[in-house]
1. Which value, in Å³ per residue, describes the convex hull spanned by the Cα atoms of the range 116-241?
2. Going by alpha carbons, how many degrees (0 to 90, nearest 10) lie between the helix axis of 127-137 and the longest principal axis of the chain?
3. Scale the Cα Rg of the range 162-297 by the rule-of-thumb value 2.2 N^0.38 Å and send over the ratio, two decimals.
4. Which number gives the lysine pairs in the range 31-158 that have C-alpha atoms under 23 Å apart and are eight or more places apart or on different chains?
5. Provide HIS163, HIS168, HIS115 in ascending order of the number of other Cβ atoms located within 10 Å of each residue's Cβ, fewest first.
6. Can you bin the range 28-80 into rounded, prolate or oblate? Criterion: square roots of the alpha carbon gyration tensor eigenvalues sorted a ≥ b ≥ c, rounded for a/c under 1.5, prolate for a/b above b/c, oblate for the rest.
7. If contacts are Cα pairs under 8 angstrom and at least 6 residues apart, what is the relative contact order of the range 140-225 in percent?
8. What shape does the range 39-297 have by the C-alpha gyration tensor, where a ≥ b ≥ c are the square roots of the eigenvalues, rounded means a/c under 1.5, and otherwise prolate means a/b greater than b/c and oblate the rest?
Amino acid sequence: MKRQQGKETPKPPLSYQMLKNVFLEAEEKREKKKKPAFGIAGIPFDGTLTYKPGARFAPDEIRQASWSMETFSPFLKKDLADKSYIDWGNLEVPYGDTPESLRLISSLGKDASFHKMVFLGGEHLITFPLFSSYLEKYPDLCLIQLDAHADLRFEYLDNIYSHATVMHHCVDKISPQCFFQIGIRSGTRREFQYIEKYDWLYFCQETSLREMVQKIGEKPVYLTIDVDVFDPSFVPGTGTPEPGGLNWEDYERFLSLTAELDVKAFDVVEVSPPYDPSGISAVFAARIIRETILNFWY
């Protein structure tokens, strides 16, 4: 006698999610009806690096490293999940063609200047076209540079546009009173003469930071963070490491004492993943980004 078999109950389809390389829980698409709190864009350009190239790989490495973090900051008691934000993806730049790359970055900057933005470098030269774009929208824009190197040369290795000249070009567009440097510990004699002449150098100490904030007042700010501002024991994966830099507690102090500033955009540059097999530098950069966003925009 044949055994009757009942019909099997169909199983519901499994819910699944495709992983995308975005920063933490960022959305991918920009919707006209929904205005995000801020945007993120990667600029994988390192065409003028001379010692340790590889920063063009950083945007995607930083995004991937961000997946290991929570959206919540115990230090700031704030959570990225409280607002929506968009990851625009990476700008496609022609490797080896610096003039065309700068033109494309400038074009992106003009669109981005209507938003609060985080830019993932890439080398430090990307700051020049981005800062210039925001300066067009905010004529009284101030610039804060966190960096180990002055980057104030007029030219470097016969190249006017270089990661070593980027601040020279930025400062040339603004009043010297609108430029502020933190962490500088390397440069030529002439660069340090300029720094001393205009009193540009500040320190991650309460008195110094409060003085800087008072001078800036209500002016809009563009913040550029070269990860070599930190001691290389924290960020070994960078193109030109310099011993004796900031530690994490210094950066938390910087955030606490500058929270009232009107930061319109910031970039994080000079992470070089090929020189840090551990990946800790990308994790460190992702943490910088999370804390900086929460400090100024939440």
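None of the figures in this text is laboratory data; all of them are computed from the coordinates on show. Computed from a predicted structure; not experimentally measured. Virtual Cβ from ideal backbone geometry, glycine too; neighbours counted across all protein chains shown.
1. Details: hull volume 14.5 nm³, N = 126.
Taking only Cα atoms, the range 116-241 has a hull volume of 115 Å³ per residue.
2. Tilt of helix 127-137: around 90 degrees.
3. Working: Rg = 14.9 Å, N = 136, 2.2 N^0.38 = 14.2 Å.
Normalised by 2.2 N^0.38 Å, the Cα Rg of the range 162-297 equals 1.04.
4. 22
5. Working: HIS163 30, HIS168 21, HIS115 18.
Fewest to most other Cβ atoms nearby, the residues stand as HIS115, HIS168, HIS163.
6. Numbers: a/c = 2.89, a/b = 1.49, b/c = 1.94.
Since a/c reaches 1.5 but b/c is at least a/b, the shape of the range 28-80 is classed as oblate.
7. Numbers: 123 pairs, mean separation 35.8, N = 86.
Relative contact order for the range 140-225 comes out at 42 percent.
8. Numbers: a/c = 1.19, a/b = 1.04, b/c = 1.15.
The shape class here is rounded.
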